[in-house]
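Structure first, then comments.
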Amino acid sequence: MLKLQQVKIARAGQTLLQVPELTVAPGKVGMIMGPSGSGKSTLLLWLLGQAPATFDIAGQLSLNDQDITQQEVSARRIGMLFQSSLLFPHMSVEQNLLFALPRRAPYQSCAARLARVETLLAAVALADKRKAMPDTLSGGEQARVALLRALINEPKALLLDEPFAALDQHRREEVRQWTFEQIAQWQIPALMVSHDLQDRPALAQQRGPLLSIGNAATHLVQE
Amino acid sequence: MFKLSLRNIFKRLVIATWLLASTCAVADWPEVLAEARGDTVYFYGWGGSDAVNRYLRWVDGELNRHYGVRLKHVKVADIAEAVQRLQLDAAAGRANNGAIDLLWINGENFHVLKRAKLLRADVLAALPNSALLLNDKLPLSSDFGVAVDGLEVPWGIGQFNIMARTNSFADSAINAEQLLAFARQNPGQLSYPKPPDFIGTTFLKSLLAELSEQDPRLYQPATDNAAEQLLPLLWHYLDALHPLLSEQGKVFAQSSAQQLQWLADAKLSVAFSFNPQELSSKMSSGHLPDNLQQHYFSLGAITNSHYLAVPRNASHPAAAKVAINFLLSEAAQARKADTAYWGDPPVIDLPQAGTLLPAATELHASWQSLLEQHWLQRYQR
Amino acid sequence: MIKASRLFTPTAVISLLGLIILPLGLALLAFGQKLSGVTAAELHTFSHAPGLGAATLYSLALALLAPLLACYWALAFSARSSAKVVAWLSPLLSIPHLAFAVGMVFLFSPSGWIVRVLHEVSGAFAAPPDWALLPERSFITLLVVLILKEVPFLLLMIFSACSQLPIERYRQLGQSLGYSASASWWQLVVPELLRRLTLPMAAVMIYSLSVVDIPLLVGPNLPGVLAQEVFAWQRDFSLAAAVNGLLGSVLLLLLALGLLGVNRLHQPLYHWLLVRVWRHGWVLPRLLAWLGRGAMVVARIWLPLMFVLGLGVLLSLLVWSLAAGWFYPRWLPAGLNAEVWVREWPFVRPMIWTTLSLAIASACVALVAALACLEAQHKEGRVWPQWPMLLALLAPQLPLVMGWQYSFSFYQLTPHLGWVFWAHCVFAFPYAYLVLAGDYQRYDRRWLLVGQSLGYSPWRCWFTLLLPMLRRPVLYGWVIAFSVSVAQYLPTQLLGAGRIITLTTEAVNVSSGGDRQLLSFYALWQFILPLVALLAVTVYLALASRRHNA
């Protein structure tokens, strides 16, 4: 359960964005819509724990009823997907995933870790790309590996910043569906920023709240 | 008769006192040796000569073997660097623990240090081997017209000589007129190291001495009056010579080393040296071709000595004394004089020592910078 | 526990204090102290020093012509070449100036190798000819040596700048507007490149203004360039010469300031001219166009030319170091032996060790300092102006080192390896910074954010993500800093009181004796160390990228 309370983002004394309250349940995808410059990406960065110093941000963030507003990025356990996949270019697909795989039971032995990665890759039909370098993958493949990398880390929540904008039309639909399926399957609350209403999950059980930021006011649609 | 004997007695008296003083000092020698053991002498000297560098490596080995003293040759491209360091030390009031233990100097460098009282006066008298010095035969007691006063110890002899391609000149002794005639017949084949290069300036001195018929004022501190009367002779000659030089005298060899290189490259037919053995030494080591001959100016080769001195703020004066004493020994001087190693004429009596060229007296040191300045003002626009 | 990532800012502050503030402070202090005692009469004497005007003109001409010609040559060359060339640049970058000058003169002088070979073939030059490609000493020789040596550095900086620009898009845009490939390069890309080249060009200009050892070897000397005259005054110990040296240094600093100003105008001027061209629809006169095309062809053969030259220089140094008696007009030495190599090896070994340890240590310090400064800038959330970082590079070296030497003596500091090491760091730092800054500032920080969101500390992310991703600029920055340290003469000799002997100080000392055999031996070693370091880095990067692509 991801919960935002009384969040206010301002710059140079001018309020950009206000969220009185927003809650996303596990397995659902909440969505924030708005024109560029409305502060929605800044909100995501703040949720992640790394808000730009040029903004004034107040508010409270809790995850599974635990207040994590003051925690550092690495302690929050919130995953993030950007518009570009941001796979580490100096690591192979497998290494990217191993990097993200938590070092705790049952993933402590080398064999267990490799097996875990292999299973997951096979599950998304990328087993043959295990040793490939990210820049040799197609856009869709990169997006899948990037999501897998975020999920394998077993985050408590996931943030998505226009994750499908860089994909071409027919691939976008495919990746979108697959992403929402994974989120539902892993039972993680997710919050997505987009300016395309199409990006909203088609299935009602995947839908979280929709927050649309206009020039004048903020509307919240609870699903 | 009486007068003569009185003078004689006085002379003997002086020698006796000196000997007494030196034996007293020498009596302390074992203490010096004991103090020096284990120390390293930092010897600042010109590092451009392979022969000298190799000779000093040998000295290091010998000193280490016999006295437990190490000699570190700190090579400098110009010993003025070291003189300047001592001046800086003095300006900053640094009276001991200096970087330099031993210096290889003469001429203007020595005068500056002597005037500033930056050299130790107790070195020469302390050395047992100073008794070997040929003070009577060689001009060792005056360095470019300035009394040495025990502030530096003679090490070797320099004589200005000329190396020229075979058959350039008829005789070994040549004069300024013959040189000019050669330049007229072979334009572009002469050059000289640009003053203030030491050898370049000595070339000017040789010419001036000859052109002024060795005017006595050259051997005394230079005056404006003397300069005004004597220098035009030199300018007159150089004005005629310069257009005949390599590059029409618009570019000079930067150093005598470059002049030698140009000689080996056949760009020039003539080069100068301050070591009367350099030609044979360099021909045998393959650094100069064998179609060269040695010449000297007919009024004599300007002759001077080069010296070793210990700065007042030296960190290891005892070890420096041990090093100098060894450098004056028969073994060290003989090896130095050997053309297979260096070929620098000895300052002590050696059976195998070669003969020196006919000598001409060095000009008073004050002419050095005066010539340099006036030359620059005249030829460097 | 202090978090490792909090160490960036203190490290940056320490670096700036030690590598920028301290060196400048010491030099300024010394100069302030000395200048306050200068009288009007001394100023008058200085202004009438023989040849001062000509020396100043030489210096200005050299410091303007060499960098500008090198810059346009490099620009012309990079118009048609890919970044792959960078790998080939490394050996050229590593040739020390001194070794290069020695080799060039031996190749092209009237008694040089080329003339000797021509004589061997035709028998035409029993005596060296009056003409030659390059006279032994002249302004032209000096200019050519500096240009050839500066092109590789500028190329490296151009390629680094190009990787930050969408060059292909510029080119397509230009072509869609009907410009030829070369026209779109010169009119669209070059103005942008020139803006990014301002600092590297400033560095090259200041280097050309203050370089001493090359003019001493191949430059004119009646008078020489100003730096050479100042060096001579500084070495002379008469009071008048000392004052002249001091005032000469001040003049050098003023010239440096002027040049930096001119350098800032370079890009705007180029742009202004372009706008004139666009506005009036000017077309290049046919003659100029022809000349330009010719120049482009010459520029394009730069790489092979440089390679042949580099090989020629290397070969002549090698042959000379093995030569037993080699005089004009013989085109080969009378005999070859390894005598110098065998004899000098025990002595060169400790020098290699000193040179290597100084270079490795100061390159590491320079790199760490550069990284810390760049990271601290990011932490502060703004990019600091670059020029203060590069002060040691933008101030002529001679006055700077003279000021330090004076200060050290004044405060009775013993000449010490530590000070030499410090000075090497001071001069290596700006190069490391310059090579790194562009790529570092463009680095996509979101990668680090992703890493942190996966549960890694900021320090771990910086270390395991940023550093490996930036390994190319990091390694090149290190290796350039390494070569800069290897080539340091003045600070090593003056601050080390001559006791710290590196391959470079030895090469310069030996060059004062004109023994070409020995000089070649030391110059060769001075050449080998940076070459090995650069080749190692290049090979490593090539292997890494092959592994990457496999």
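Taking trypsin sites (Lys or Arg not before Pro) across segment C:373-462, the ones in a DSSP loop with at most 15 further Cβ atoms lying within 10 angstrom of their Cβ are C:R382, C:R445.
Across peptide C:497-508, the average count of Cβ atoms from other chains found within 10 Å of a residue's Cβ is 4.
Using the alpha-carbon positions of chain A, Rg (one decimal) and Dmax (whole number) come out as 17.5, 56 Å.
Quick one: Debye curve from the C-alpha atoms of segment C:210-348, no solvent, what's log10 I(q)/I(0) at q = 0.15, 0.19 Å⁻¹? For segment C:210-348, the Cα-only Debye profile gives -1.07, -1.12. Reducing segment B:50-113 and segment B:172-204 to their Cα centroids gives an inter-centroid distance of 32 Å. Considering only the other residues whose Cβ falls under 11 Å of the Cβ of C:G451, what net charge follows from Lys and Arg at +1 and Asp and Glu at -1? Charge balance near C:G451 sits at +4. Hydrodynamic analysis of segment C:109-231 uses the Kirkwood radius over alpha carbon pairs. Inserted into Stokes-Einstein at 20 °C and 1.002 mPa s, it gives a translational diffusion coefficient of 120 µm²/s.
Based on the Kirkwood approach, the hydrodynamic radius assigned to segment C:394-480 is 15.8 Å, with every pair of different Cα atoms included. Compactness ratio for segment C:412-535: Cα radius of gyration over 2.2 N^0.38 Å (N = residue count) comes to 1.43. Of the trypsin sites (Lys or Arg not before Pro) found in segment A:124-223, the ones in coil according to DSSP and having at most 15 other Cβ atoms within 10 Å of their Cβ are A:K131. Once both labels are positioned 7 Å from their Cα atoms along Cα-to-Cβ, the gap between C:L287 and C:S545 label points is 4.4 nm. Neighbours of C:R330, meaning other residues whose beta-carbon lies under 10 angstrom from its beta-carbon, give a summed charge of 0 when Lys and Arg score +1 and Asp and Glu score -1.
A cut-off of 5 Å between modelled amide H atoms, ignoring neighbours fewer than 5 places along the same chain, links B:V41 with B:R70, B:L71, B:K72.
What is the ratio of the Cα radius of gyration of segment B:209-276 to 2.2 N^0.38 Å, where N is its residue count, to two decimals?
Details: Rg = 15.2 Å, N = 68, 2.2 N^0.38 = 10.9 Å.
Computed over Cα atoms of segment B:209-276, the ratio equals 1.39.
Starting from the coordinates of the alpha-carbon atoms of segment A:1-129, obtain the Kirkwood hydrodynamic radius over all distinct pairs and give the value in Å to one decimal. Provide the component values of the computation, followed by the final result.
Working: mean 1/r = 0.0581 Å⁻¹.
Final number for the Kirkwood radius of segment A:1-129 is 17.2 Å.
For a quick check of your reading of the filter: which trypsin sites (Lys or Arg not before Pro) in segment A:38-91 sit in a DSSP loop and have no more than 13 other Cβ atoms within 10 Å?
Values: sites: A:K40, A:R76, A:R77; in loops: A:R77.
When the trypsin sites (Lys or Arg not before Pro) of segment A:38-91 are filtered for loop state and at most 13 Cβ neighbours within 10 Å, nothing remains.
Note on chain A: GNM, Cα springs under 10 Å; of A:S85, A:S62, A:S109, the largest mean-square fluctuation is that of A:S109. A crude spin-label estimate for the pair B:T355 and A:Q66, with each label 7 Å from Cα along the Cβ direction, gives 10.5 nm. Averaging 1/r over every pair of different alpha carbons in segment A:100-223 and inverting the result gives a Kirkwood radius of 16.1 Å. Here, chain B is characterised by an Rg to Rh ratio of 0.98, where Rg is the alpha-carbon radius of gyration and Rh the Kirkwood radius. Sequence-ordered 3J(HN,Hα) estimates for segment B:372-381 from the Karplus curve with 6.51, -1.76 and 1.60 and θ = phi - 60° stand at 4, 4, 5, 4, 4, 4, 7, 10, 9, 2 Hz, glycine and proline given as x. Under 19 Å of direct C-alpha separation, and excluding same-chain neighbours fewer than eight residues apart, B:K250 reaches these lysines: B:K194, B:K267.
Sorted from largest to smallest, which semi-axis lengths in Å does the alpha carbon gyration tensor of segment C:38-337 give for its equivalent ellipsoid, taking the root of 5 times each eigenvalue?
Values: eigenvalues 257, 184, 56 Å².
Square roots of five times the eigenvalues give 36, 30, 17 Å.
So what is log10(I(q)/I(0)) for segment C:225-269 at q = 0.13, 0.26 1/Å, when the Debye sum runs over its Cα atoms only? Rounded to two decimals, the profile gives -0.37, -0.81. Expressed per residue, the C-alpha convex hull volume of segment C:246-318 stands at 172 Å³.
Rounded, prolate or oblate: which fits chain C when a ≥ b ≥ c are the square roots of the eigenvalues of the alpha-carbon gyration tensor, with rounded for a/c under 1.5 and prolate only if a/b beats b/c? Walk me through the numbers before you get to the answer.
Working: a/c = 1.31, a/b = 1.12, b/c = 1.16.
Cα axes put chain C in the rounded bin.
Normalise the Cα radius of gyration of the protein assembly as shown by 2.2 N^0.38 Å (N = residues in it) and let me know the number. Provide the component values of the computation, followed by the final result.
Working: Rg = 37.1 Å, N = 1154, 2.2 N^0.38 = 32.1 Å.
Against the compact-globule rule of thumb, the ratio is 1.16.
Both radii were evaluated on the Cα set of segment C:14-102; the Rg over Rh quotient, with Rh as the Kirkwood radius, amounts to 1.15.
FYI, it's all coordinate maths here, none of it is from the lab. What you see is a predicted model; the values in this text were computed from it and never measured. Neighbour counts run over all protein chains shown; Cβ positions are idealised from the backbone, glycine included.
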